[in-house]
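Peer 1: One structure follows; several queries about it will come next.
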Amino acid sequence: MTFESSPGQPPQAPVPLSPQEFKATAEGILTNVEWVIEGKSHTIKLAIAVMLAEGHLLLEDVPGVGKTQLAKALARSVDCSVRRIQFTPDLLPSDVTGVSIFDPEKRDFVFKPGAIFGNLILGDEINRASPKTQAALLECMEERQVTVDGNTYKLRSPFMVIATQNPVEMEGTYPLPEAQRDRFAARLAIGYPDINAELALLDRREEYNPLDALRPVADAEMIVRMIAAARAVHLAPELKRYVVDLVAATRTNPQVRLGASPRATLQLLRCTQVLAAMDGRDFALPDDVQQLAVPVLAHRLIPTTETTMGGGDTKAIVSDILRHVPVVSNPGRY
Amino acid sequence: MSGQRHATMVAAATLALTLTPLIGIFEGVGWTVPVLLTITVIATAGSLIRAAGRGQGLQTVAMCAGLLVVLTAGFGDGTALLFIIPLPATFEHFGVLASEGVAGIVTEAPPVAAEGGILFLTLLGIGLVAVLHDMFVVGLRTPALAGLTLLTMYLVPVSVAPDATAWFWFILPAVSYLWLLADDNLRRVSAFGHRFTGTGQLVSQKFPSPMARTARWSALGFIVLTLVSLTVVPTNTSGFIDRVAEDWEGGGDAGLGDVNPWAQLSGSLNRPEEVDVLRVSTDDPSPPYLRMHVLDELDSDGFGPNDYDDHQSLDLEEAEGETFTADIENLRMEAPVVPVYGTPVDLSIDGNWDRDADTGVIIGDNSDMGDVEEYTLTYTDQEPDAETLANADGMDPSDERWEANTEHPEVAEVSSHVDEALGDADTVHEKVLAVYKYLSIGNGFRYSLETTEAGNDEAIVDFLETKEGYCQQYAAAMAWMLREADVAARVVIGMSQGSRDGDEWVLTSHDYHAWVEVYYDGPGWVMYDPTPSAGVPGAVSTPWATEPAPEGEPTQEPDATADPSEAPSDATPSAEGGPTAGAEQPTDSPSLQGAEDGSEGGSGFNPAWLLLLIVAALPFLPALARGLLRRRRLDPARLTAKTAWDEVLDLALDYGVGLSDSLTPRQAAGVLGQAAPGAREAATVLGSAMARHRYSPSGADPTGLADAVRDLHTELDKNAEPRRRYQAMFWPASLLAKASAKQAEESARLARRSARATDRVRSAVRRPRRSNSRKDRSVTGRP
């Protein structure tokens, strides 16, 4: 386990990939992960986009649909370390971040890194931990560093947290406050596989676990270069305006008590860039934005009580906004 | 469906109500039957097609067909198949009727008999208006636009016969317009369900909405305000208020009934085709002008006819001089006066006729020339010589006729022209000659029928400025200027010499003429014709209207004016090309004038056809505009992905492919691809190009986009329903959308501006308010 102590040297500027290389690599990862999670290519694509946009992912789904598999497959494909934290009510912040222990031989305190020091962190059932522990994790997610006993330790790059929540079983949980949900770039649901995919899953798993057969198609360095390449994707002024219009519409929507934050705008744009790059383009389109709007925006909105009582959910609200916000805000043009 | 039938009925009824002002320009009310029939047929045709669920295009065609059937049935005159199906011959007949109608409109003064060409034109015009009206009110549901059609109907009588159109005729058209708007609005509101008051109570359809009370009161207020201001605001002549005032006084022209000699004159001269009016056989080698009306009442409206209230029995006195006898055959003259030559000595004519002592006009006592087939007249011809006139005095100011014959409005411009004309002229004859000369071709005056037919003060000033006019302006100007110079003068309207036809003289509708009579003490009223003879077929020379030699030897003066008796044989090419044109050719008359006059007076270009052409072209204008727009966008020089995409969006609009604002170009292309499966590829190319153009830093290559747009257009057209196809062609929705978008933008801008203004006013008005600042009210609060 290696980690740098703060203050670290400024990282060398990675060499960005060409759009073609980017597309090929991204497709490689996608095929790899799809080998494990059948029939969910769109979700996987979005998950990869979130990873390459340096965001964190919140998977909200019932147990057993492959949340952990997804995280593991992702980690295998990019040849980086994956850590798993099972959140329980008695989990302590130091279990996440690490702790300084007195080493009698050295007669000094030695930092024992916690589970957060990995490339891909799978936080299972994050809503079962106490708010204190949740807060510790979320702080690491935002700042990408850990401070223990006055020492700051930088986390690895790429660094991505995939947290899962069970939306059904809410007893004895501490639901994430809205402010903390905002830290996740996107919320995805994997959902049950359709019948054909489930049959294929059975066939494949008869002999061996496909996860074991995965070979990495990229390494951490490659991922860093991809992240850099995605940031270079062109964002036209009309597109930025469209994204801002969309986010602004969530704030004025009468069904919503709290709209999306400027952070949401930023993350939506970054994910858009990745999606465009995965399509082999050096410019982003509103089509990319529309694919991402629901996963990126829906979990940040707080609906009004009336909406909740009426059975409305925030995904529907965002879809509705997508249907009504003009792609080009000039009146008289489309 | 019944709502539409109701709207159709309302449209037809409002149009019928708007026709009421026409009552003034037609004789009787018989014309209302065919007119109402036409409106009914058109409304029924439109309603039936609507009931069958067909579109606006077919409705319009059906209504036009209905109109055609009515016209064919009424005017086909046996040329049609089964009475109602028009054949080519029918249309030829229609053409004849139309030109007859135009001629009738030009020549006849209202009220006219509603028959023949005039009725045909009336029905055609009203029919076309009815089609438009129905389209605006029922088909397009834009009743506000129908105001235009109603206004058109109202403008016809107002412009044709302002005299016959009283102000109160405006009330019914106005009411019908309001009815139209109210009915449509009621229908619109009722479409949403119930009507509510402001406090949320239901209002039945039969009751007026309390919410509209303010609107009703303000509408009433505006109407009252308009009427009040109309009566207060001073206007010049020929205005609305004059008519109001006249009608109010219950007046009208006494004596002459509805005949306006000026209108008759200008109408006859402008008549495209020449018709014979009188046929004269006389022993006079060169008969003078035939006098009909004397106009000596001058006010700011110009010269008006004498009241002829000095009737005397027809006891004609012998007069000095050579007498001639004329047998006059009336071909188609209708007038309350008998046209006579010179000073009549004896008149044998059917009917009761009086002589007006003041003017010498033979006026009918319930008799009309229309009932006279021929009459015989013995008369003396007036031939004063220049010397006598030069020595004669004018009318004595103490004469009782002085006032009536020198009265004139004070118009500064006219006065200055008179000063300029008179120079140092002193005697009456000098003044007359000075003015006569002033109006000559030598001073730049030109004969032209192409002027307003008004004879009022403005028209006279115009004439003196532009130096273009015809006999009406010449005569009125000369008489007015002479009056200004204190010379008794009046205008006479009658007919010129006409043209010789064998032993007889034929006087046509183009021979109507106006000239001047000046009073000399002694010789009496002496005629002068200031109009250039080139403009007057059958002009008669006035030898006395030449400068007498200063020595007083007029007879020896080598004069261009030959002996009148030789004149008729001396045929000079003239306006009408008749054999006996101007007896004297003015020395400086440019031959150009004759040509011009010919084109003015002759049967040349008929403006009605131009109007028809414009009306016929109207339906194609939107298609033309749309085509031009498309061509401009796809022009290779300026083609970009953006212009191509704009065209694609407009095509989608035209063909009713719904593209929401929230669709990205690629998604829109997908929707278009579904609407036109054959052009799916073209749509994708266009959508991607637009996406690149808008979002990529490198832009898009426009090559091939024009072809893609054409492919898409062809495929959309192929897949559209016929109705939609015609609509896209002739009534493209994109044009309308653009217009309304522009309008919406404009109104939004206005609203913003007014909101800002209100804010400013509010903030200016709002005073800083400090709480508890009153001295007498100290804060007590809780203890």
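Every read-out reported here was derived from the displayed coordinates using simple, explicitly stated rules and does not represent laboratory data. Just so it is clear, the structure is predicted and the values come from calculations on it, not from any experiment. Here the Cβ positions follow ideal geometry from the backbone for every residue, glycine too, while neighbour counts run over all protein chains shown.
Peer 1: In whole Å, what is the distance between the alpha-carbon centres of segment B:469-510 and segment B:70-95?
Peer 2: Here the answer is 44 Å between Cα centres.
Peer 1: Given R₀ = 22 Å, FRET efficiency for B:Asp276-B:Val96 by Cβ-Cβ distance, to 0.05?
Peer 2: For B:Asp276 and B:Val96, the calculated efficiency is 0.70.
Peer 1: I've got another one for you. Which value, in debye to the nearest 20, describes the size of the charge dipole of segment A:17-96 about its Cα centre when Lys and Arg Cβ atoms bear +1, Asp and Glu Cβ atoms bear -1, and nothing else is charged?
Peer 2: Taking the Cα centre of segment A:17-96 as origin, the dipole is about 100 debye.
Peer 1: Residues in segment A:121-156 near a label at A:Ser94, defined as backbone nitrogen under 11 Å from the 7 Å Cα→Cβ point?
Peer 2: A:149
Peer 1: Please compute the modelled spin-label separation between B:Ala412 and A:Leu202, points set 7 Å along Cα→Cβ, answer in nm with one decimal.
Peer 2: The two pseudo-label positions are separated by 11.1 nm.
Peer 1: Take chain A, mark every one of the GluC sites (Glu not before Pro) that falls in a DSSP loop and has at most 15 other Cβ within 10 Å, then report the longest stretch left between them, sites excluded.
Peer 2: A:208-334
Peer 1: Can you give the FRET efficiency for B:Asp346 and B:Val106, using 1/(1 + (r/R0)^6), R0 = 35 Å, r = Cβ-Cβ distance, to the nearest 0.05?
Peer 2: Plugging the Cβ-Cβ distance into 1/(1 + (r/R0)^6) gives 0.40.
Peer 1: Please report, in Å, the Rg and the Dmax of segment B:623-736, where both are computed over Cα atoms only.
Peer 2: 13.1, 43
Peer 1: Then there's this: According to a simple spin-label model (label point 7 Å from Cα along Cα-to-Cβ), what is the distance in nm between B:Asp310 and B:Leu37?
Peer 2: So the two model labels end up 5.3 nm from each other.
Peer 1: Suppose R0 equals 56 Å; then what is the FRET efficiency for B:Asp486 and B:Arg188 from their Cβ-Cβ distance, rounded to the nearest 0.05?
Peer 2: 0.20
Peer 1: Under the definition of partner shielding as Cβ atoms of other protein chains within 10 Å of a residue Cβ, what is the mean value for peptide A:283-293?
Peer 2: Mean partner-chain Cβ count within 10 Å for A:283-293: 4.
Peer 1: Find how much the distance from B:Trp402 to B:Leu81 grows on full extension, using 0.36 nm per residue of separation minus their present alpha carbon separation; answer in nm with one decimal.
Peer 2: 108.8 nm
Peer 1: Over the Cα atoms of chain A, what radius of gyration and what Dmax do you get, in Å?
Peer 2: Cα radius of gyration and Dmax of chain A are 20.5, 77 Å respectively.
Peer 1: Expressed as an acute angle from 0 to 90° and rounded to the nearest 10, what is the orientation of the C-alpha long axis of helix A:237-252 relative to the principal long axis of chain A?
Peer 2: Approximately 90 degrees, to the nearest ten.
Peer 1: Angle, helix A:195-205 long axis vs. longest principal axis of chain A, Cα atoms, 0 to 90°, nearest 10?
Peer 2: Helix A:195-205 and the main axis of chain A meet at about 20 degrees.
Peer 1: Is segment A:193-257 rounded, prolate or oblate when judged by the Cα gyration tensor, a ≥ b ≥ c being the square roots of its eigenvalues, rounded requiring a/c under 1.5 and prolate requiring a/b larger than b/c?
Peer 2: Oblate, since a/c reaches 1.5 and b/c is not below a/b.
Peer 1: Tell me, in nm to one decimal, what length is gained between B:Asp371 and B:Asp503 on full extension, where the rule is 0.36 nm per residue of separation less the Cα-Cα distance?
Peer 2: That pair, B:Asp371 and B:Asp503, stretches by 45.0 nm at full extension.
Peer 1: Quickly work out the B:Leu48-to-A:Arg231 label distance, labels modelled 7 Å from Cα along the C-beta direction, and quote it in nm with one decimal.
Peer 2: Calculated label separation equals 7.8 nm.
Peer 1: How many percent of Cα pairs in segment B:2-192 exceed 27 Å?
Peer 2: 30 percent
Peer 1: If you don't mind, there's one more thing I want to ask. Give the angle, between 0 and 90 degrees and rounded to the nearest 10, that separates the Cα long axis of helix A:67-77 from the longest principal axis of the Cα atoms of chain A.
Peer 2: 80 degrees
Peer 1: Could you let me know the centre-to-centre spacing of segment A:38-60 and segment B:657-718, using Cα atoms, in angstrom?
Peer 2: Taking the Cα centre of each part, segment A:38-60 and segment B:657-718 sit 31 Å apart.
Peer 1: Related question: Work out the charge dipole of segment B:396-541 with +1 on the Cβ of Lys and Arg and -1 on the Cβ of Asp and Glu about the Cα centre, then indicate which of B:Leu449, B:Tyr436, B:Ala476 is farthest towards its positive end.
Peer 2: B:Leu449
Peer 1: What does the charge add up to near A:Arg281, with Lys and Arg as +1, Asp and Glu as -1, over the other residues with Cβ less than 10 Å from its Cβ?
Peer 2: Result for the neighbourhood of A:Arg281: -1.
Peer 1: For segment B:266-317, build the convex hull from the C-alpha positions and give me its volume per residue in Å³.
Peer 2: Here the figure is 167 Å³ per residue.
Peer 1: Separate question: Could you give me D for segment B:15-123, from Stokes-Einstein at 20 °C and 1.002 mPa s, where the hydrodynamic radius is the Kirkwood radius over C-alpha pairs? Units µm² s⁻¹, please.
Peer 2: 144 µm²/s
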